[in-house]
Amino acid sequence: MIMDELLSSIAEKVRNFVAIYLCDIDEVPDFNEMYELTDSMTVMFFYQNKHMMCDFGTGNNNKLNFIVDDKQEMIDILETIFRGARKNKGLVISPYDYNHKRVS
């Protein structure tokens, strides 16, 4: 719920370069297998139908599976991924290091 509220609150600010979609993993089980969605909350990034990866320092570059509770921090992450995607990079480095955060 925290991430849903955060993403909803920044949607208007990032609408020029980000589209935010919600996927209920209970209703789309194929998505679960394809992207190994086992966590209670996961944020994934795509650009032109290509899965974007981001190194958060957690060892899992495929998805963000921990809470980011700061709006500007999330905007910075989205901007970094967008800029990397525009340069045809499949993996970008997060502007913040989360290796100290506990992953749910």
- Item | Top of Met34, Met74, Met53 by mean-square fluctuation, Gaussian network on the chain, Cα under 10 Å | Met34
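Quick check on the chain: helices-only [θ] at 222 nm, where DSSP H runs of length 4 and up contribute -39,500 (n - 2.57) each and the sum goes over total residues. Nearest 500, please.
Numbers: 3 runs with 36 residues, N = 104.
When only DSSP H runs of four or more count, the value is -10500 deg cm²/dmol.
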- Task: Go through region 41-54 residue by residue and turn each phi into a ³J(HN,Hα) via Karplus (6.51, -1.76, 1.60, θ = phi - 60°); whole Hz please, and just put x for glycine and proline.
- Result: 9, 9, 10, 10, 10, 9, 9, 6, 6, 10, 5, 9, 10, 9
- Note on the structure: Computed about the Cα centre, the charge dipole of region 2-93 from +1 Lys/Arg and -1 Asp/Glu charges at the Cβ has a magnitude in debye, to the nearest 20, of 760 debye
- Query: Å³ per residue of the Cα convex hull, for region 43-104?
  - Reply: 75 Å³
- Item | Over region 2-93 - Rg/Rh using Cα atoms and the Kirkwood inverse-distance radius | 0.93
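With a cut-off of at most 12 other beta carbons within 10 Å, and DSSP calling the residue loop, which GluC sites (Glu not before Pro) in region 3-104 qualify? Please list them.
Answer by residue number: Glu27, Glu36.
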- If the cut-off is 18 Å between C-alpha atoms, which aspartates and glutamates fall inside it for Lys89, apart from same-chain ones fewer than 8 positions away? Asp55, Asp76, Glu79
- Item | Neighbour cut-off at most 16 other Cβ (10 Å), DSSP loop, trypsin sites (Lys or Arg not before Pro), the chain | Arg15, Lys87, Lys89, Lys101, Arg102
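Every read-out reported here was derived from the displayed coordinates using simple, explicitly stated rules and does not represent laboratory data. Keep in mind that this is a model prediction, so the values were computed, not measured. So basically every Cβ, Gly included, is an ideal-geometry build from the backbone, and we count neighbours across all protein chains shown.
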